[in-house]
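Visitor: The structure's right below; bear with me while I get my questions together.
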């Protein structure tokens, strides 16, 4: 059986370099598409995630299906991060609060401005390094829960759920 890329003596024909060039071009195009898709997903991509989050998390005071728990949606916050060089870095965070045993969603919604003020001071002190790693989300959740307890009182907020955490 003859090989179309080699002649009878076994030396490559002109089709071999053309085929290699085509493979390199196709490979480079695929790499560019993958990189662009990854960048698009990192920067927010479409609103599919936000729409899915909105469908999963009930609005102010609605009860979750079957669970009996209710949630309070906190409007997304955008804050400046502290950077050593003074460069512009931002954090966008979207939270959902789980009311504690001594609170109702309506009471939490009424007191939300107090809580947002307490959260602003915590979030503005963060540095980009504070957001690195998987433990960062846990530390932020714990600090926000402590601020909620300090601001609103014990058993008012059971948990703080982070829906989105985007650093730019």
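Visitor: Of these, 103, 154, which one is in the same structural domain as residue 77 (by TED's automatic domain parsing), exposed (fewer than 13 other Cβ atoms within 10 Å of the Cβ) and not in a helix (DSSP H, G or I)? Before you say what the answer is, go through the steps one by one.
Guide: Details: 103 fails: exposed (fewer than 13 other Cβ atoms within 10 Å of the Cβ).
Within the list 103, 154, the selection yields 154.
Visitor: Going by the structure shown, is residue 135 within 13 Å of residue 152 (Cα to Cα), free of Cβ contacts under 8 Å to residues at least 40 places away in the same chain and surrounded by fewer than 18 Cβ atoms within 10 Å (Cβ to Cβ)?
Guide: Values: within 13 Å of residue 152 (Cα to Cα): no; free of Cβ contacts under 8 Å to residues at least 40 places away in the same chain: yes; surrounded by fewer than 18 Cβ atoms within 10 Å (Cβ to Cβ): yes.
For residue 135, the condition - within 13 Å of residue 152 (Cα to Cα), free of Cβ contacts under 8 Å to residues at least 40 places away in the same chain and surrounded by fewer than 18 Cβ atoms within 10 Å (Cβ to Cβ) - is not met.
Visitor: While we're on this one: Checking residue 77 against (1) at pLDDT 90 or above; (2) buried (at least 16 other Cβ atoms within 10 Å of the Cβ), only one condition comes out false. Which one?
Guide: Going through the list (1) at pLDDT 90 or above; (2) buried (at least 16 other Cβ atoms within 10 Å of the Cβ), residue 77 breaks only (2).
Visitor: Regarding residue 161, is this residue touching a strand residue (DSSP E or B) at 6+ places or on another chain (Cβ under 8 Å) and assigned to a helix (DSSP H, G or I)? Outline the logic, then answer.
Guide: Working: touching a strand residue (DSSP E or B) at 6+ places or on another chain (Cβ under 8 Å): yes; assigned to a helix (DSSP H, G or I): no.
In short, no.
The values are calculated or read from the model by the stated rules, or taken from the named source; none is laboratory data. This one's a predicted model, so the numbers in the text were calculated from it and none came from an experiment. All Cβ positions, glycine included, derive from the backbone under ideal geometry; neighbour counts span all protein chains shown.
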